[in-house]
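To start, the structure under review is shown below, and the notes come after it.
The values are calculated or read from the model by the stated rules, or taken from the named source; none is laboratory data. Because the structure is a prediction, the values reported are computed rather than measured. All Cβ positions, glycine included, derive from the backbone under ideal geometry; neighbour counts span all protein chains shown.
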Amino acid sequence: MNDVLSAIQEIAADLFEMEPEDISESFSPESNPTWDSIKHLGLVTAIEDQFDLMFEPEEIDEMKDIASIVRIVKAHSGNG
């Protein structure tokens with residue numbers, strides 16, 4: 001999980017203009033008011049590009065925080 005988590009932290013840090021170590025698994029729209037619907041789609045798109053994935057709309061809706069994103073990415077790779 002650490003490789004996936006680290007990669008997602010890097011993506012989120014770039015998008016939210018933060019340091020990767022400041023992106024915890026509990027990082028969410030509730031903990032960061034700049035995480036709006038536009039940023040959410042940007043995050044999803046960047047993750048799809050990084051991991052060569054295509055998420056279903058239901059999966060995108062389930063992405064409530066970094067931990068849930070990691071879980072969904074791992075499920076796509078067969079490690080979830």
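Annotation for the range 51-65: no member residue is exposed (fewer than 15 other Cβ atoms within 10 Å of the Cβ) and either β-branched (V, I, T) or touching a strand residue (DSSP E or B) at 6+ places or on another chain (Cβ under 9 Å) (or both).
Evaluating S26 against the criteria (1) at pLDDT 95 or above; (2) more than 12 Å from the chain's Cα centre (by Cα); (3) among the hydroxyl-bearing types (S, T, Y) leaves one unmet condition, (2). Per the conditions (1) closer than 23 Å to E21 by Cα; (2) surrounded by fewer than 17 Cβ atoms within 10 Å (Cβ to Cβ), the sole criterion not satisfied by I47 is (2). Can you say whether L43 is in a helix (DSSP H, G or I) and more than 11 Å from I69 (Cβ to Cβ), as far as the supplied structure shows? Considered against the rule, which asks whether it is in a helix (DSSP H, G or I) and more than 11 Å from I69 (Cβ to Cβ), L43 comes out as no. The set of residues in the range 5-32 that are among the aliphatic types (A, V, I, L, M) and out of contact with any Phe, Trp or Tyr (no Cβ under 8 Å at 6 or more places or on another chain) comprises L5, I8, I11, A13, L15, M18.
Is it true that some residue in the range 41-54 is closer than 21 Å to E30 by Cα and in contact with a Ser or Thr (Cβ under 8 Å, 6 or more places away or on another chain)? Within the range 41-54, not a single residue is closer than 21 Å to E30 by Cα and in contact with a Ser or Thr (Cβ under 8 Å, 6 or more places away or on another chain). Count of the range 30-44 residues, restricted to those that are surrounded by 14 or more Cβ atoms within 10 Å (Cβ to Cβ) and under 25 Å from S77 (Cα atoms), is 5. Being exposed (fewer than 11 other Cβ atoms within 10 Å of the Cβ) and over 11 Å from the mean Cα position of the chain (by Cα) is a description that does not apply to D14. If you go through the range 5-19 and keep only what is part of a helix (DSSP H, G or I), farther than 19 Å from R71 by Cβ and not hydrophobic (A, V, I, L, M, F, W, C), you end up with just D14.
For the range 20-29, which positions are surrounded by 10 or more Cβ atoms within 10 Å (Cβ to Cβ) and either outside any loop (DSSP other than H, G, I, E, B) or among the β-branched types (V, I, T) (or both)? Matches in the range 20-29: P20, D22, I23.
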